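All remarks here apply to the structure that follows.
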2 protein chains.
Amino acid sequence: MPAFTRITIVGVGLIGGSIGLALRRRGLARWVRGVVRRTASGEVARACGAVDEATANLVEGVQGADLIVVATPVDQIVDTVRSVAYLNPQALVTDVGSTKALICRLLREPAPADLPQRRPGPGQFVGSHPLAGDHRSGPEHARADLLEGRMVVVTPEEASPPAAVERLALFWRELGAEVELLDPEEHDRALAATSHLPHLVASALAAATPETWLRFTARGWSDTTRIAASSPELWSQIFTQNRSAVIDAVQRLQHALDALRDAVAREDRPKLLHLLEEAKRRRDAVGD
Amino acid sequence: MPAFTRITIVGVGLIGGSIGLALRRRGLARWVRGVVRRTASGEVARACGAVDEATANLVEGVQGADLIVVATPVDQIVDTVRSVAYLNPQALVTDVGSTKALICRLLREPAPADLPQRRPGPGQFVGSHPLAGDHRSGPEHARADLLEGRMVVVTPEEASPPAAVERLALFWRELGAEVELLDPEEHDRALAATSHLPHLVASALAAATPETWLRFTARGWSDTTRIAASSPELWSQIFTQNRSAVIDAVQRLQHALDALRDAVAREDRPKLLHLLEEAKRRRDAVGD
């Protein structure tokens, strides 16, 4: 018996769409429903095979679900989680946002009094972050195997019921992912280094390449800047949501860059060799 | 009739080996001979199909060649070019080094008086740099199509005879490459931005990632750091040979990084969005 069988995905983009495709391909759910902003997106989501049905109506979309996956841009996650937890108090709600600390903190605070929302109970929301993606977005790039062999970080908080956490972890494992548990703050520090910083650096490198020389780029430049093609809107949200950890990560990078530049400036070959070897050792430890 | 028909490749690694494979696969040469440091490497080069014959003897290796391609690490290029130009004054000599200005400058200076070398005449040496490679090295990773559709920069100097430059450009085009002419200094400034800086940044990023968090890396980190797996020995040579242009390129990167970090720190979303969009525009202009 799968962990959850009636699943609503709010926001059927690359990640939401890939989760839907994988659930349906693996026969894990009685139904997968997509909640979309525009009716036309619902048709694309259905045509891609990402969902059984799609609706632009959030109230209808979450009815009867035992799991609601919020796969919107990070700026909209808190409001959306509050709404769906209010509309369907029986479901477990998770998200797939690239940041976790701010989202979890805001969800522990009382919701604004003038909105038909409330703070979800600790058994209602547990955060997730699938470490998988692409510099392209949209359901048309969704892939049923996007999560296979990838890691999903689940971020329980002190009050999270262990049974809900375990059931959510099982859900991700059923999709082929490995699961690690981290608290939200630790998640954000780690991901600032392993994901947010690479995005910032790729953008800085692309921006620092004079346009007249772009024709002299080759595979090294293309690999190193690939994720600079990601959505500026989504990433400006992620960087600012994880502001202090991102700034710390930039500082670590600047130290590493200064050390390399100084060794080049002084033509200190042994030092330069040592720094490059240490970097290669870390890169080789990860593999392709 | 191909541009050259009797070709000696000094240093049969990834690039030298790929040139040999392509020449033989395309039937462009009467013979391709490899000069290797160790007899065992010659056997590998022959087994890979990169050369018809191989020798560890430079004097024998260059006899009868009409083109000599020096494909050694950049630190050895100047001495090797002087030697082969002395041993076979009839051949055109080129190299495949990632830096050009220092090599060309040293080759215009008188050679040390105590060595059986001399300054090659302007018609004897014209530099080249194929913008193709891999983070792996060695003839076992050589590929006949490595240069196909890639750019080769040829770096004539004021005294270079146009006929020699044109014949060398034809040679590279016969291997499927596009050819651009740049003077050696301009080459080094452009490549500092498009190749050397990405390598330095990839290494800095790998080095700046705390080891305990390496398990939280995903495709973004892997792409952005891929070339940090390149040979530290080869790259420490390239960085120091192109020292001042590399330092200028690092400075441009640091400005771009500071601008992004400041926008994050101030939570200036419009500015951040603008910077990320500008970076994406340059990345998108290059394609995959």
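Looking at the protein assembly as shown, what % of its DSSP beta bridges pair antiparallel, to the nearest 5?
Of those bridges, close to 15 percent are antiparallel.
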Assertion target for B:Ser98, B:Ser203, ordered by fewest C-beta neighbours within 10 angstrom first, is B:Ser98, B:Ser203
Under 5 Å from the placed amide H of A:Val10, counting only residues 5+ away or on other chains, we find A:Val35, A:Val69, A:Val70, A:Ala71
Hydrodynamic radius by Kirkwood for the range A:188-286, inverse mean 1/r across distinct Cα pairs, in Å, is 15.1 Å
Check: C-alpha center the range B:266-288 vs C-alpha center the range A:34-95, spacing in Å is 29 Å
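Let me confirm one metric for peptide A:240-249, namely the mean number of other chain beta-carbon atoms within 10 Å of its residues' beta-carbons.
Across the residues of A:240-249, the mean count of other-chain Cβ atoms within 10 Å is 3.
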Dividing the alpha-carbon radius of gyration of chain A by 2.2 N^0.38 Å, where N counts its residues, gives 1.10
If amide H atoms are modeled at 1.01 Å from N in the peptide plane, then the residues at a separation of 5 or more from B:Glu178, or on another chain, having amide H under 5 Å from its own are B:Gly149, B:Arg150, B:Met151, B:Val152
extent check for the range B:125-201: Cα max minus min per principal axis, descending, whole Å, gives 36, 28, 19
Phi angles of the range B:171-177, converted by Karplus (6.51 cos²θ - 1.76 cosθ + 1.60, θ = phi - 60°) into ³J(HN,Hα) in whole Hz with x for Gly and Pro, give 3, 5, 5, 4, 8, x, 8
Convex hull around the C-alpha positions of the protein assembly as shown: the volume in Å³ per residue is 161 Å³
The local net charge around A:Arg167, scoring Lys/Arg +1 and Asp/Glu -1 for residues other than A:Arg167 whose Cβ lies under 13 Å from its Cβ, equals -2
The set of residues whose placed amide H lies less than 5 Å from the amide H of B:Ala54, leaving out same-chain residues fewer than 5 positions away, is B:Gly34
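Return the percentage of antiparallel bridges among DSSP beta bridges fully within chain A, rounded to the nearest 5 %.
Taking every DSSP beta bridge within chain A, about 15 percent pair in antiparallel fashion.
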The alpha-carbon center of the range A:141-174 and that of the range A:200-237 are separated, in whole Å, by 31 Å
Subtracting the Cα-Cα distance of A:Arg38 and A:Asp114 from 0.36 nm times their residue separation yields 24.8 nm
Whole-Hz Karplus couplings 3J(HN,Hα) for the range B:20-37, θ = phi - 60° and coefficients 6.51, -1.76, 1.60, Gly and Pro as x, run x, 4, 5, 4, 6, 4, 8, x, 8, 10, 5, 8, 10, 10, x, 10, 10, 7
Residue-ordered couplings for the range A:189-195, obtained by feeding phi - 60° into the Karplus form 6.51 cos²θ - 1.76 cosθ + 1.60 and rounding to whole Hz (Gly and Pro as x), are 5, 5, 6, 4, 6, 9, 10
Excluding residues fewer than 8 positions from A:Lys280 in its own chain, the lysines with Cα under 23 Å of it are A:Lys271
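None of the figures in this text is laboratory data; all of them are computed from the coordinates on show. If you're wondering where the values come from, they're calculated on a predicted model, not measured in any experiment. Cβ coordinates were reconstructed from backbone atoms using ideal geometry, including for glycine residues, and neighbour counts include every protein chain displayed.
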